[in-house]
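Here it is, the structure in full.
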Amino acid sequence: MSKAKNFSVVGKRVQRVEGFDKVTGDSKFIADIHLPGMLTGRILRSPYPHARIRSIDTSKAEKLRGVRAVVTAEDTIKRPWGAFFADQYILSVGKTRYVGEEVAAVAAIDPDIAEEALDLIEVDWEPLPGVFDADEAMLDGAPLVHDDKPNNIAMHLDLERGNIVQAFADSDIIVEDTFTSMPQWHCAIETIGSVAEYSPNGKYTIYMNTQTLFNARYRIATALGVPETDVRVIQSAVGGGFGGKSCDDNNALVCAVLARKAGKPVRVINTREEEFLAGCRPRVFMKINVKLGFKKDGRIRAKELKVIADNGAYSAKAPAITGVAAMRHDTCYKYSDVKLEAKLIYTNKIPTGAFRGFGNPSAEWAVEQAIDLGAHALGIDPLEIARINAAETGYVSPHGNRVTSCELKQCLDMVENMIDWKAKRANKQPNTGMGLACTVHVSGKRHFGDYDGSSATIKINEDGKALILSGEGECGQGVHTAMCQIAAEELGVPVEDVEISRADTDLTTFCLGAFASRLTYVSGNAVKNAATNVKQQLYEQAAEMLEANAADLISRDGRIFVQGAEGKSVTVADVARARLFRHNGAPIVGSGSFDADSVLPDSTRFGNESGAYNYGVQAAQVHVDPLTGQVKVLQMVVASDCGTVIYPIGAEGQVEGGLAQGIGYALTEGLQFDEGRPLNPNFSDYRIPSMRDMPPLQHAFADSYEPTGPFGAKGLGELNMDPTAAVINNAIFDAVGVRVKTLPITPEKILRALKEKKG
Amino acid sequence: MNKKIDFTLNGKAVSRDVPTHRLLLDLLRDEIGATGTKEGCGTGDCGACTVMMNGKPVNSCLILSGELAGADIVTIEGLKIGAELHAVQKAFVQDGGAQCGYCTPGMLMMSKALLDSNNNPSEEEIRYALSGNLCRCTGYAKIVQAVQDAAAMLRSKNP
């Protein structure tokens with residue numbers, strides 16, 4: 001029997017609510033916002049990876065005609081800020097710690113003058129020895145990135161569940177290897193930008209293309225030293241986020257400081273080069289040593305992970321990301337005994353941070369290859385190994401993660417059929433191979449204080465249409481459409497009768513924003529609860545009008561009637577007007593909240609971190625040219641368990657887009673550094689997949705229902721970024737018997753490995 | 001150096017006194033206020049700023065105002081036919097060809113350029129024609145579908 005349920009709006013192929021504006025050029029992105037008298041801000045960035053600033057002379061820049069403000073750290077309160085550790089400043093205080101760090105800034109009447117003014121700022125630099133490799137950074141005597149962090153250790157996690165020594169002793173075979181991941185940039189086609197204005201009454205109004213408004217407001221207020229109420233963040237349309245627009249950078253802060261000093265609105269938009277140097281915080285890169293013990297029958301008996309993660313110069317969200325890399329995958333398979341040690345290390349490079357997957361792509365790159373090593377060592381089909389160990393509904397991980405729905409085994413069946421796994425394996429062609437990997441992700445994560453919730457307000461307009469006010473972060477993924485569908489389903493109105501506002505910290509209630517694949521699940525539940533509240537108000541008024549009991553009413557297609565007596569009905573518009581235009585009238589408006597039934601992990605990181613877990617499987621067939629090392633992905637198949645699919649076109653887009661980023665991560669993307677200086681900060685040398693780089697793809701959603709989700713839904717956004725690199729490398733190994741251990745998997749590395757294999 | 005530049009924008013005559021080094025992209029967005037055209041990289045690598053110049057798609061971040069004398073420029077603002085969406089716009093809405101929508105204006109202009117010369121492109125031809133337009137959200141599957149559907153709409157109108 002199907003687990004999925006039938007709904008009238010949820011699960012239907014509705015069109016995106018902002019679809020029209022997106023195809024006409026009318027969507028207002030950050031660079032499209034123009035305030036009267038607005039100035040252009042530009043930022044002077046550190047050319048050195050590590051240097052002391054002896055002095056800064058801005059006098060020549062200030063005198064340039066058309067310059068309205070020049071700012072340095074002296075124009076700030078020099079209070080450090082950061083998502084988890086307060087370790088970065090708006091503008092460098094005393095020294096700079098990476099190439100691209102913000103040192104000073106200018107606001108001028110046009111971009112050419114602003115650029116010219118930057119050249120007139122004189123900085124007296126004293127270059128310092130830097131440290132660029134995490135292993136070297138830990139050595140005694142290595143230069144310190146922050147004086148108060150001995151051996152450059154930002155975080156050290158060391159814990160064991162069960163008895164790891166006994167578990168390895170019990171194992172029939174043990175596999176072990178080390179895999180290194182690379183920094184990956186978000187490369188949203190729109191860069192980070194802000195437009196700020198400052199009112200003499202003390203209030204900052206900042207337009208931002210952020211995906212996490214209230215987190216942005218909190219961090220901006222902290223760094224500026226003002227109460228949160230004095231900062232209003234208004235979200236523009238957001239041209240892609242992927243974690244990069246979650247406010248760990250200084251763009252909006254510099255913009256705000258310039259606006260205050262200039263007394264005029266200021267716009268600061270990152271160039272593409274700035275975006276690579278100091279905009280989005282790229283994926284934390286890690287060296288992961290993984291050791292797995294298996295029983296002869298394929299069951300995993302023991303797992304030990306050692307992670308060394310490169311934090312860069314400031315820590316942003318890397319502490320949480322490193323924890324995820326060390327632990328999240330333990331919710332994918334049925335593990336009993338695990339040990340992990342993770343070190344997060346400061347270096348003089350760009351701060352790393354949140355990117356779709358949040359540590360999981362590095363972890364799955366390593367662990368899913370170790371599973372494949374185990375399958376080959378045991379002579380068991382990799383698909384069978386996954387099936388033997390796959391998590392199921394009811395599984396509780398060694399870290400306390402409680403799985404309330406899991407269709408991982410169903411996903412394995414789907415992938416097996418879609419790619420014709422058995423027949424293709426039986427009929428293996430030379431230099432052609434197949435690989436697969438499983439993946440798990442969360443639907444929200446409890447780590448910003450003891451809260452993983454959301455809230456929403458819905459008001460019914462006089463014409464009967466509903467408006468959702470939400471402070472969550474639509475950043476292109478389509479969650480606004482899903483929220484409109486959820487509200488329409490609960491209210492019993494057509495989806496065309498529901499609109500949703502953009503987020504604005506002055507007008508919408510507290511929301512954490514877009515991260516951790518949380519919005520459909522967490523904010524979907526909040527919107528559903530708000531709709532239930534509003535529906536109750538509608539029913540009470542309608543009951544009076546229909547001379548019935550509110551409890552007997554139902555609504556469908558915007559009409560409210562007694563169940564079974566559809567002939568006599570009132571419209572939502574009739575009801576809204578009747579409630580408003582009367583003695584003691586009031587508008588129909590209601591709010592709803594939701595906080596996931598998760599637990600803030602304790603000091604040993606034990607505790608159910610999320611309200612629900614989503615699962616998936618990917619498989620690939622590849623061909624490797626042994627003469628050139630070139631990899632051609634012949635086919636990819638994907639099965640995803642995200643519970644009920646609310647907005648199918650959007651959900652499919654998340655799978656297809658996540659996979660494209662996974663393919664880039666696997667095969668082409670990686671910023672090259674020389675002594676901390678990025679060598680390829682542009683789109684011609686940092687290659688993200690183009691339309692011609694995408695393989696034929698088939699994908700499908702599991703029949704699934706999450707009992708705690710809105711209409712059975714859970715998260716999806718990050719799931720299909722996570723395993724792709726391992727999938728492709730497992731397939732390459734099956735094809736030619738070599739395994740490249742560092743990302744990206746380039747033809748040069750494959751050729752080298754093939755040569756080494758030949759001897 | 002400023003120079004008076006006369007050209008046609010979306011069918012209307014435009015005359016502007018601008019520095020000759022001003023990029024077409026900045027001229028459109030900052031001077032004329034036609035902000036539908038987007039900047040993604042500024043180096044001609046991503047295609048977000050694609051517009052039609054004399055019937056051919058160009059990266060407007062690589063065109064100087066000094067090159068514009070007498071040119072016929074069509075931007076996303078000129079893609080609609082009256083109040084009606086162009087077939088490729090309709091198909092992008094219907095098929096979910098836009099996620100964040102930032103690459104979309106450039107992607108639509110390049111798609112129009114393809115469909116103007118070939119109203120029945122193969123998938124291979126679509127992928128080749130649009131390979132200079134980067135999208136980080138969609139994985140391109142729905143864009144390919146939308147261009148195919150737009151081509152079918154155009155063929156049914158003008159068989």
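Which members of the stretch A:569-582 meet the condition of being closer than 17 Å to A:Val493 by Cα and out of contact with any Asp or Glu (no Cβ under 9 Å at 6 or more places or on another chain)?
The answer is A:Ser569, A:Val570, A:Thr571, A:Asp574, A:Val575.
How many residues does the stretch A:17-41 hold that are under 28 Å from the mean Cα position of the chain (by Cα) and open to solvent by 40 Å² or more (accessible area, probe 1.4 Å)?
5
Restrict the check to the stretch B:105-116 and report whether at least one residue is more than 14 Å from B:Gly132 (Cβ to Cβ), in contact with a His (Cβ under 7 Å, 6 or more places away or on another chain) and crowded, with 20+ Cβ neighbours inside 10 Å.
Checking the stretch B:105-116: at least one residue is more than 14 Å from B:Gly132 (Cβ to Cβ), in contact with a His (Cβ under 7 Å, 6 or more places away or on another chain) and crowded, with 20+ Cβ neighbours inside 10 Å.
Taking the residues in the stretch A:124-141 that are open to solvent by less than 50 Å² (accessible area, probe 1.4 Å) and out of contact with any Pro (no Cβ under 9 Å at 6 or more places or on another chain) as candidates, determine which candidate is nearest to B:Met1 (Cα to Cα).
Just the residues of the stretch A:124-141 that are open to solvent by less than 50 Å² (accessible area, probe 1.4 Å), to begin with: A:125, A:128, A:130-132, A:134, A:137-138.
In the following step, the residues that additionally are out of contact with any Pro (no Cβ under 9 Å at 6 or more places or on another chain) were identified as A:134, A:138.
Values: A:Ala134: 51, A:Met138: 55 Å.
Checking each candidate, the answer is A:Ala134.
When only residues in the stretch A:657-678 that are of a type in the set (S, T, N, Q) and surrounded by fewer than 24 Cβ atoms within 10 Å (Cβ to Cβ) count, which is modelled with the lowest pLDDT?
It comes out as A:Gln672.
Can you find a residue that is within 23 Å of A:Leu507 (Cα to Cα), within 14 Å of chain B (Cβ to nearest Cβ) and among the polar types (S, T, N, Q) anywhere in the stretch A:229-251?
Checked against the condition, which is being within 23 Å of A:Leu507 (Cα to Cα), within 14 Å of chain B (Cβ to nearest Cβ) and among the polar types (S, T, N, Q), the stretch A:229-251 yields at least one hit.
Here are the criteria: (1) at pLDDT 95 or above; (2) more than 13 Å from every other protein chain (Cβ to nearest Cβ). Tell me which single one B:Asn158 does not satisfy.
The single condition B:Asn158 does not satisfy is (1).
Let me ask another. Could we say that A:Ala51 is under 26 Å from A:Ile350 (Cα atoms), facing chain B (nearest Cβ under 9 Å) and of a type in the set (Gly, Ala, Ser) here?
no
Suppose we keep only residues that are over 18 Å from A:Asp26 (Cα atoms) and within 14 Å of chain A (Cβ to nearest Cβ) within the stretch B:48-63. Which one would you say is surrounded by the fewest Cβ atoms within 10 Å (Cβ to Cβ)? It would help to see each step written out before you state the result.
Applying the first criterion (over 18 Å from A:Asp26 (Cα atoms)) to the stretch B:48-63 yields B:52-63.
In the following step, the residues that additionally are within 14 Å of chain A (Cβ to nearest Cβ) were identified as B:52, B:59-62.
Values: B:Met52: 22, B:Asn59: 25, B:Ser60: 27, B:Cys61: 23, B:Leu62: 14.
Per the criteria, the residue is B:Leu62.
Right, here's the next one. Checking B:Ile73 against (1) free of Cβ contacts under 8 Å to residues at least 40 places away in the same chain; (2) within 15 Å of the chain's Cα centre (by Cα); (3) more than 12 Å from chain A (Cβ to nearest Cβ), only one condition comes out false. Which one?
(1)
Sticking with this structure for a sec: In the list A:Glu190, A:Glu102, which residue meets the criterion of being closer than 30 Å to B:Met107 by Cα, touching a residue at least 12 places away in the same chain (Cβ under 8 Å), open to solvent by less than 50 Å² (accessible area, probe 1.4 Å) and of a type in the set (Asp, Glu)?
A:Glu190
Let's see how each residue does on (1) modelled with pLDDT of 95 or more; (2) farther than 30 Å from A:Glu101 by Cα; (3) crowded, with 23+ Cβ neighbours inside 10 Å:
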{"residue": "A:Gly293", "(1), (2), (3)": "yes, yes, yes"}
{"residue": "A:Arg299", "(1), (2), (3)": "yes, yes, no"}
{"residue": "A:Glu304", "(1), (2), (3)": "yes, yes, no"}
{"residue": "A:Gly312", "(1), (2), (3)": "yes, no, yes"}
{"residue": "A:Ala325", "(1), (2), (3)": "yes, no, yes"}
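If a residue must be of a type in the set (Val, Ile, Thr) and surrounded by fewer than 18 Cβ atoms within 10 Å (Cβ to Cβ), how many such residues does the stretch A:389-403 contain?
Looking only at the stretch A:389-403, we keep the residues that are of a type in the set (Val, Ile, Thr), and these are A:393, A:396, A:403.
The next check asks that each one be surrounded by fewer than 18 Cβ atoms within 10 Å (Cβ to Cβ); those that pass are A:393, A:396.
Residues that pass the stated criteria total 2.
Which residue pairs have Cβ atoms under 8 Å apart, sit 6 or more places apart or on different chains, and have a first residue in the stretch A:267-290 that is among the small types (Gly, Ala, Ser) and a second that is part of a helix (DSSP H, G or I)?
That search, which allows pairs on different chains as well, returns A:Gly279/A:Asn251.
Among the residues of the stretch B:81-98 satisfying the criterion of being at the interface with another protein chain (Cβ under 7 Å from one of its Cβ atoms) and closer than 16 Å to B:Ala152 by Cα, which is most open to solvent (accessible area, probe 1.4 Å)?
Filtering the stretch B:81-98 for residues that are at the interface with another protein chain (Cβ under 7 Å from one of its Cβ atoms) and closer than 16 Å to B:Ala152 by Cα, the one most open to solvent (accessible area, probe 1.4 Å) comes out as B:Gln94.
Exactly one of these conditions fails for B:Ala34: (1) assigned to a strand (DSSP E or B); (2) within 30 Å of B:Gly82 (Cβ to Cβ). Give me its number.
(1)
Filter the strands (runs of 3 or more DSSP E) completely within the stretch A:515-616 down to those with at least 2 residues that are more than 26 Å from A:Lys459 (Cβ to Cβ) and open to solvent by 60 Å² or more (accessible area, probe 1.4 Å).
Ranges flagged: A:565-571.
Applying the selection to the stretch B:20-37, what residues are under 12 Å from B:Ile76 (Cα atoms), open to solvent by less than 10 Å² (accessible area, probe 1.4 Å) and in contact with a helix residue (DSSP H, G or I) (Cβ under 6 Å, 6 or more places away or on another chain)?
Within the stretch B:20-37, B:Gly36, B:Thr37 meet the criteria.
From the list B:Gly42, B:Gly78, B:Gly139, B:Gly101, which one is without any contact (Cβ under 8 Å) to a residue 24 or more places away in the chain, more than 27 Å from A:Leu659 (Cβ to Cβ) and either more than 8 Å from chain A (Cβ to nearest Cβ) or open to solvent by less than 40 Å² (accessible area, probe 1.4 Å) (or both)?
Just a single option satisfies the conditions, and that option is B:Gly42.
Of everything in the stretch B:107-129, what is within 9 Å of chain A (Cβ to nearest Cβ) and in contact (Cβ under 8 Å) with a residue 24 or more places away in the chain? Give them in sequence order.
Selection gives B:Leu108 alone.
Has the stretch A:368-387 got at least one residue that is in a strand (DSSP E or B) and out of contact with any Gly (no Cβ under 9 Å at 6 or more places or on another chain)? Can you show your working first?
The initial filter retains those residues of the stretch A:368-387 that are in a strand (DSSP E or B), namely none.
So far as the stretch A:368-387 goes, no, none of its residues is in a strand (DSSP E or B) and out of contact with any Gly (no Cβ under 9 Å at 6 or more places or on another chain).
The values are calculated or read from the model by the stated rules, or taken from the named source; none is laboratory data. This is a predicted model, so every value here is computed, not measured. Cβ: placed from backbone, ideal geometry, glycine included. Neighbour counts: every protein chain shown. Note: accessible area is taken over every heavy atom of the protein model, side chains too, but ligands, DNA and RNA are not part of it. Shrake-Rupley method; radii C 1.70, N 1.55, O 1.52, S 1.80 Å.
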